[in-house]
Amino acid sequence: MGFLDSIIGGKGATSKEEDYMDLDLAAYEEAAGEEPALMYVKIATINDLKDTPRVKDEVYNNNIVIIDIQKLKLDKITFERVMKDLKDVAKDVNGDIIGIGDQRYVVITPTSVKISREKVGGGN
């Protein structure tokens with residue numbers, strides 16, 4: 001089980017809201033005040049082309065998106081079109097895009113956020 005599998009769910013798993021653990025961050029929120037975050041990390045699944053606009057909107061709204069593309073990979077033509085759209089968005093906003101987890105996930109970032117290609121810890 002990989003790191004993202006433990007966050008997003010294992011193979012064949014469908015995620016529901018109750019699958020996520022909400023940590024009690026009350027002390028942090030009190031210290032941080034009521035200001036909203038400038039950027040969020042969002043989690044998405046793209047199963048077909050109609051799921052793409054919402055993901056693109058999140059990137060245009062300055063959020064980082066981690067996308068599960070496993071089901072999308074079953075249709076090569078749709079996969080290539082969606083990936084082209086996502087690469088175009090990353091280029092358009094001067095962000096970045098990378099596949100991780102045996103290309104099961106894609107991470108796309110907004111303006112001026114780059115993804116390091118170096119692995120931190122855990123060996124190779």
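The values are calculated or read from the model by the stated rules, or taken from the named source; none is laboratory data. What you are looking at is a predicted structure, and each value in this text was computed from that prediction instead of being measured. Don't worry about glycine lacking a Cβ; one is built from the backbone with ideal geometry, like all the others, and counts go over all protein chains shown.
Does N94 fit the bill of being at pLDDT 95 or above and either closer than 13 Å to V41 by Cβ or of a type in the set (A, V, I, L, M) (or both)? Full working, then the answer.
On the way: at pLDDT 95 or above: yes; either closer than 13 Å to V41 by Cβ or of a type in the set (A, V, I, L, M) (or both): no.
So N94 fails the test.
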Residue pairs meeting the criteria (Cβ under 6 Å; at least 6 apart or on separate chains; first over 8 Å from D48 (Cα atoms), in the stretch 66-84; second assigned to a strand (DSSP E or B) and among the aliphatic types (A, V, I, L, M)): I66/I43; I66/V107; I67/A44; I67/V106; I69/V106
